[in-house]
Amino acid sequence: MKALLPLFSRPSHYLGTEINSVHKDLKTVRAHVALAFPDLYEVAMSYLGQKILYDIVNGTDHFYAERVFAPTEDVAEVLRAHDTPLATLESDTPLRDLDGVLFSITHELCYTNVLYMLDLGGIPLRAAQRGDGHPLVIAGGGCTFNAEPLAAFVDVMVLGDGEEILPEMLGLIARGKDEGWARSELIRRLAEVPGVYVPSFFEDDGNGGMRPVGGETPRVEKRIVMDMNAVSFPTRQIVPFGKPVHDRYSVEIARGCTRGCRFCQAGMIYRPVREREVDVLGSIIDRGLAETGSEELSFLSLSTGDFSALEALFLSSYSHCRQEQVSISLPSLRVGSVSEDLMRLMGKIRHTGMTLAPEAGTQRLRNVINKGVTEDELLDHTEKAFRLGWQQVKLYFMMGLPTETREDLHGILDLCLKVAASAGKNVRRLQVTAAVSPFVPKPHTPFQWERQISMAEIEERLAYLRNIFRPYKKLKLKWHHSHMTWLEGVFSRGDRHLAPALEVAYAKGALFTSWSDHLRLEPWLEAFAETGIDAESYLRERDPEQPLPWDHLASGVSRKYLLTERRRALEEAATPDCRYEACRSCGVCNLDGRESELTRQAAGHDIVPVINRATRDQEDAGLVDEPPTESPAPAIDLHNKEQRFRLWYSKTGPAMYLSQLELQRIFERAFRRARMPLAFSSGFHPAPLLSFARALPVGVGSVCEWMDFFVREHMVVKDLPALLEAELPQGMRVVKVDELPCQGKAPISNHERFSLGFVSAEDSQRFAARLPAFLEAAEWKVFKRTKKGEPGEVDVRPMVKSITEDEKGFVVDFDWQTLYVSPIFVLQAVDPEFTMLQGRLIKIAQFF
Ligand code: SF4
């Protein structure tokens, strides 16, 4: 696949040479798998689950986990045109040649992307079509608690936490290879591991549920990691090329949530709550920031504000982060879950607006969904936020919730208006955004039996909301695409009958369905029609007396608990969080002699919530060792320009495919990892003072690039090359570092020399044959669109000083005094058949 890089859009996303990526000698590896994410690089590189598994597997000597993501459609076209299979990023191994491909399935709209990747990777789509020579197709992630529509395409699914189960599975795969087990034997042995679900061992019972094939297979239990402090957390996270969706060093501070929101699947399937200790987190944060060079730290959990030692954790990270210009983000904060002191500190390092999730517009409906947030608490929270300097607040709501009325919908507007009013008169750029998503009933929740509103109802309710929001300029309404919600609803509570529809939809081009610019409903509607699926029927209310397609998969939360919570929802009764109040006997934990629903694991484990403190420290500030007062401003002057250096570097091999924007970020992070005392610009968002020479086109190499940077403390110039060299990705090398005067502008060279080498003699001869006509011409006008995209012409002849032949091919001297265009464009003007697949173009000198 890598041979085709010059033809790919964003080729850096297929290099696999990022800092902290792992490269092993394949001869020493006993089990070789790919961690597959069925979405684009930008999304995949933001997913923490895969980073955790990558670290754990590659931390062993004999197992190797590489990455593979869904390529963009134009890249897939190139692969197909060249009959080349999709391959792993690190070692370029085709998927079909691996021992296993492990998909992370995080939402239902990526199901056709799984088929797309299998297909491109040369693996038969259906599990039943695969034989002994094919890799095992494994799926994990939150969706596997009901990925029945995908069951026909997957050999093995994993329910629950992956840290412990994955090495166990790889051990069996390696043993199976050593001992020559048949595929069926390997799958049979894997099925014995707690947390492993083999779809082919179950069949439709004809009544809406599933039954074991020919025997008494117990329900499949999810796997739980009880001690989060005992499993490793990745500090050497891969530093992505470019900008992923979430570009930060994310630390999982806790797993599980017991707030008990009745619509929330994650809050049910990841129980019980397990927090990491503050000391353990402190060490993870220090090492992680040092090893990634990230400029943002994020505390991750389903409900960050409920972490019982949040204030202590925040304070222990705050001073260090402020000193290093690292911002801290706390996503998923609940209303009222942080103290004013903490909010004040957050305000000093915030980069974004505040987001809160009241989820429903009226107290009645918030009681129904068990969102323990009152209007007073919300307004108190936003009033503090505005007073402390926030200007923008985003509120998440759902619509179509069970029992919703017009009054509840209007309540969304009323609440937004009250939030806006809580800003008082002093907020100049006030904006309150309501982001509304239609409700999708999810398996394993108290609302799993509820009806989902139809596409027409979604549109009608959205129109109502748009209409009532229109008069208010300070309020903004955003909404989720109704087609996506509808499809999500079909597949969330789907069953195995949907498999043929997935195949047909994929064949008709339904891909990247969760991207609004890619979403097309037609292939889906055609696929449902052709396979005889009544899609709307999947949105219906379910009878609690009837089996469900996911009843055989145990999340640990009992059906009795879910039914009780459903009843309490209809009674508008709140259920408090069990981590601080009474256990509600949901079934996950084995408390007081009571056996957990997870019987196979409960026998060997003590399954209980694990929290640092019995109450949250942000509620009783003063109990923490250090009072949450304002930390002193950094003693250093971040803006001091002590010295200016010019770093000369080369970028060849894989680094040729890095774009200028990517290089900028690579250097920023490299400087941070090297602990260089960079000088920063002033202003609200200080940025390191770096400047670059003219950008090289992607795919073109250079041995003489430069960039300038300022430091705020004195450094010895001769120490710099070794310090920086260690932090650059494969293909980049430091040539030398010069010290320059701090004042004055850096000149840009207009005379550059390139070496052009061809792989084949035929291409080289063709190019040489076309040269004389070009060199003898006074002008050489070619078609070129203007920056505005309009047709135009450009004379490329004055841009070429000379082209001569040497032993490596050709030496081209460019003159950019009148105009700069890409050197590739000029060479294609000389020889229209020239492509970057034919050779290498390297800048070898520049003259000032
Ligand atoms: S069993 Fe009790 S303590 Fe454990 S998660 Fe369920 S409700 Fe909470």
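The values are calculated or read from the model by the stated rules, or taken from the named source; none is laboratory data. Computed from a predicted model, the values in this text were never measured in an experiment. Every residue, glycine among them, receives a Cβ derived from its backbone with ideal geometry; neighbour counts consider all protein chains shown. Quick note on the areas: whole protein, heavy atoms, side chains included, nothing else; ligands and nucleic acids left out. Shrake-Rupley method; radii C 1.70, N 1.55, O 1.52, S 1.80 Å.
Based on this model, can you work out whether Ile636 counts as open to solvent by less than 70 Å² (accessible area, probe 1.4 Å), modelled with pLDDT under 95 and within 30 Å of Leu720 (Cβ to Cβ)?
Criteria met by Ile636.
Within the range 562-592, count every residue that is away from the ligand (no atom under 13 Å from the Cβ) and assigned to a loop (DSSP other than H, G, I, E, B).
4
Conditions (1) under 29 Å from Phe299 (Cβ atoms); (2) touching a His at 6+ places or on another chain (Cβ under 8 Å), marked per residue:
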{"site": "Arg10", "(1), (2)": "no, no"}
{"site": "Ile19", "(1), (2)": "yes, no"}
{"site": "Asp25", "(1), (2)": "no, no"}
{"site": "Ala31", "(1), (2)": "no, yes"}
{"site": "Asp55", "(1), (2)": "yes, no"}
{"site": "Ala81", "(1), (2)": "no, no"}
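Could you please tell me which pairs satisfy a Cβ distance under 6 Å, a separation of 6+ or placement on different chains, a first residue in the range 479-495 that is over 10 Å from Leu109 (Cβ atoms) and buried (at least 19 other Cβ atoms within 10 Å of the Cβ), and a second residue that is of a type in the set (Phe, Trp, Tyr) and modelled with pLDDT of 95 or more?
Val490/Tyr538; Arg493/Tyr538; Gly494/Tyr538
So in the range 560-606, with the set limited to residues that are of a type outside the set (Asp, Glu) and in contact with a strand residue (DSSP E or B) (Cβ under 8 Å, 6 or more places away or on another chain), which one is surrounded by the most Cβ atoms within 10 Å (Cβ to Cβ)?
Here the residue is Leu598.
Considering only the range 19-36, state which residues are open to solvent by 10 Å² or more (accessible area, probe 1.4 Å) and outside any loop (DSSP other than H, G, I, E, B).
Scanning the range 19-36 gives Leu26, Lys27, Thr28, His32.
Considering only the range 598-630, state which residues are of a type in the set (D, E, K, R) and modelled with pLDDT under 80.
Matches in the range 598-630: Glu619, Asp620, Asp625, Glu626, Glu630.
Looking only at the range 593-618, count how many residues are within 10 Å of the ligand (Cβ to nearest atom) and either over 31 Å from the mean Cα position of the chain (by Cα) or without any contact (Cβ under 8 Å) to a residue 60 or more places away in the chain (or both).
Result for the range 593-618: 3.
Which of the residues spanning the range 259-283 are of a type in the set (A, V, I, L, M, F, W, C), out of contact with any helix residue (DSSP H, G or I) (no Cβ under 7 Å at 6 or more places or on another chain) and open to solvent by 10 Å² or more (accessible area, probe 1.4 Å)? Steps first, please.
Applying the first criterion (of a type in the set (A, V, I, L, M, F, W, C)) to the range 259-283 yields 261, 263-264, 266, 268-269, 273, 278, 280-281.
The next check asks that each one be out of contact with any helix residue (DSSP H, G or I) (no Cβ under 7 Å at 6 or more places or on another chain); those that pass are 263-264, 268, 273, 280.
Matches in the range 259-283: Phe263, Cys264, Val280.
Within the range 262-282, work out how many residues are away from the ligand (no atom under 14 Å from the Cβ) and over 25 Å from Arg493 (Cβ atoms).
7
Those residues that are open to solvent by 80 Å² or more (accessible area, probe 1.4 Å) and in contact with a helix residue (DSSP H, G or I) (Cβ under 9 Å, 6 or more places away or on another chain), I need them from the range 460-478; list them, please.
Answer for the range 460-478, where residues must be open to solvent by 80 Å² or more (accessible area, probe 1.4 Å) and in contact with a helix residue (DSSP H, G or I) (Cβ under 9 Å, 6 or more places away or on another chain): Tyr472, Lys474, Lys476.
Among (1) within 28 Å of the chain's Cα centre (by Cα); (2) within 22 Å of Pro471 (Cα to Cα); (3) of a type in the set (A, V, I, L, M, F, W, C), where does Leu413 come up short?
All conditions pass for Leu413, except number (1).
Working only within the range 224-243, note down all residues that are more than 16 Å from the ligand (Cβ to nearest atom) and buried (at least 19 other Cβ atoms within 10 Å of the Cβ).
Passing the criteria: Phe233, Pro234, Thr235, Arg236, Gln237, Ile238, Val239, Pro240, Phe241.
Considering each residue of the range 75-86, count those that are closer than 18 Å to Val43 by Cβ and touching a Phe, Trp or Tyr at 6+ places or on another chain (Cβ under 8 Å), and give that number.
Of the range 75-86, the ones closer than 18 Å to Val43 by Cβ are 75-76, 86.
Adding the requirement that they be touching a Phe, Trp or Tyr at 6+ places or on another chain (Cβ under 8 Å) leaves 75-76.
Selection size over the range 75-86: 2.
Exactly one condition in (1) in a helix (DSSP H, G or I); (2) farther than 30 Å from Pro149 by Cα is not met by Glu460; state its number.
It is condition (2) that Glu460 fails.
Just checking, does the range 87-98 include any residue being in contact with a Phe, Trp or Tyr (Cβ under 6 Å, 6 or more places away or on another chain) and either polar (S, T, N, Q) or at pLDDT 95 or above (or both)?
No, the range 87-98 has no match at all.
For the range 98-120, enumerate the residues that are without any contact (Cβ under 8 Å) to a residue 60 or more places away in the chain and either crowded, with 24+ Cβ neighbours inside 10 Å or under 20 Å from Tyr47 (Cα atoms) (or both).
Passing the criteria: Thr106, Leu118.
Which residues, taken from the range 81-97, are acidic (Asp, Glu) and surrounded by fewer than 21 Cβ atoms within 10 Å (Cβ to Cβ)?
Of everything in the range 81-97, those that are acidic (Asp, Glu) and surrounded by fewer than 21 Cβ atoms within 10 Å (Cβ to Cβ) turn out to be Asp83, Asp92, Asp97.
From the set of residues in the range 504-549 that are in a loop (DSSP other than H, G, I, E, B) and buried (at least 21 other Cβ atoms within 10 Å of the Cβ), which is farthest from the chain's Cα centre (by Cα)?
Our first condition is that a residue be in a loop (DSSP other than H, G, I, E, B); within the range 504-549, this holds for 508-520, 531-534, 540-549.
Applying the additional criterion that residues be buried (at least 21 other Cβ atoms within 10 Å of the Cβ) yields 510-513, 548-549.
Numbers: Ala510: 21, Leu511: 18, Phe512: 14, Thr513: 16, Leu548: 31, Pro549: 29 Å.
Per the criteria, the residue is Leu548.
If I ask for residues that are within 21 Å of Ile123 (Cβ to Cβ) and open to solvent by less than 40 Å² (accessible area, probe 1.4 Å), which ones from the range 165-180 would you list?
Correct list: Leu166, Met169, Leu170, Leu172, Ile173, Ala174, Gly176.
Consider only pairs whose beta carbons are under 6 Å apart and that are at least six residues apart or on different chains; among these, list those whose first residue lies in the range 422-448 and is in a loop (DSSP other than H, G, I, E, B) and whose second residue is among the charged types (D, E, K, R) and open to solvent by 20 Å² or more (accessible area, probe 1.4 Å).
Ser422/Glu383; Leu430/Lys474; Val440/Glu488; Pro441/Glu450; Pro446/Arg566
Within the range 143-164, is even one residue under 24 Å from Ser9 (Cα atoms), buried (at least 21 other Cβ atoms within 10 Å of the Cβ) and not acidic (Asp, Glu)? Steps first, please.
From the range 143-164, those under 24 Å from Ser9 (Cα atoms) are none; that's our starting set.
Among the residues of the range 143-164, not one is under 24 Å from Ser9 (Cα atoms), buried (at least 21 other Cβ atoms within 10 Å of the Cβ) and not acidic (Asp, Glu), which makes the answer no.
Could you grab me the full set of residues in the range 293-304 that are under 26 Å from Met676 (Cβ atoms) and open to solvent by less than 10 Å² (accessible area, probe 1.4 Å)?
Step one: filter the range 293-304 for residues under 26 Å from Met676 (Cβ atoms), giving 293-298.
Matches in the range 293-304: Gly293, Ser294, Leu297, Ser298.
Given the criterion crowded, with 18+ Cβ neighbours inside 10 Å and in a strand (DSSP E or B), identify the matching residue among Leu345, Leu378, Leu356, Leu365.
Matching residue, one of Leu345, Leu378, Leu356, Leu365: Leu356.
Okay, residues lined up against (1) at pLDDT below 95; (2) open to solvent by 20 Å² or more (accessible area, probe 1.4 Å); (3) on the phi < 0 side of the Ramachandran plot; (4) assigned to a helix (DSSP H, G or I):
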residue	(1), (2), (3), (4)
Ala670	no, no, yes, yes
Arg675	yes, yes, no, no
Ser682	yes, yes, yes, no
His685	yes, yes, yes, no
Ser702	no, no, yes, no
Val735	no, yes, yes, no
Gly744	yes, yes, no, no
Arg753	no, yes, yes, no
Leu756	no, no, yes, no
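What are the residues in the range 775-801 that are open to solvent by less than 40 Å² (accessible area, probe 1.4 Å) and in contact with a helix residue (DSSP H, G or I) (Cβ under 9 Å, 6 or more places away or on another chain), if any?
Matches in the range 775-801: Ala777, Val782, Val794, Val796, Arg797, Met799, Val800.
Could you count how many residues in the range 258-301 are farther than 24 Å from Glu572 by Cα and in contact with a Lys or Arg (Cβ under 9 Å, 6 or more places away or on another chain)?
20
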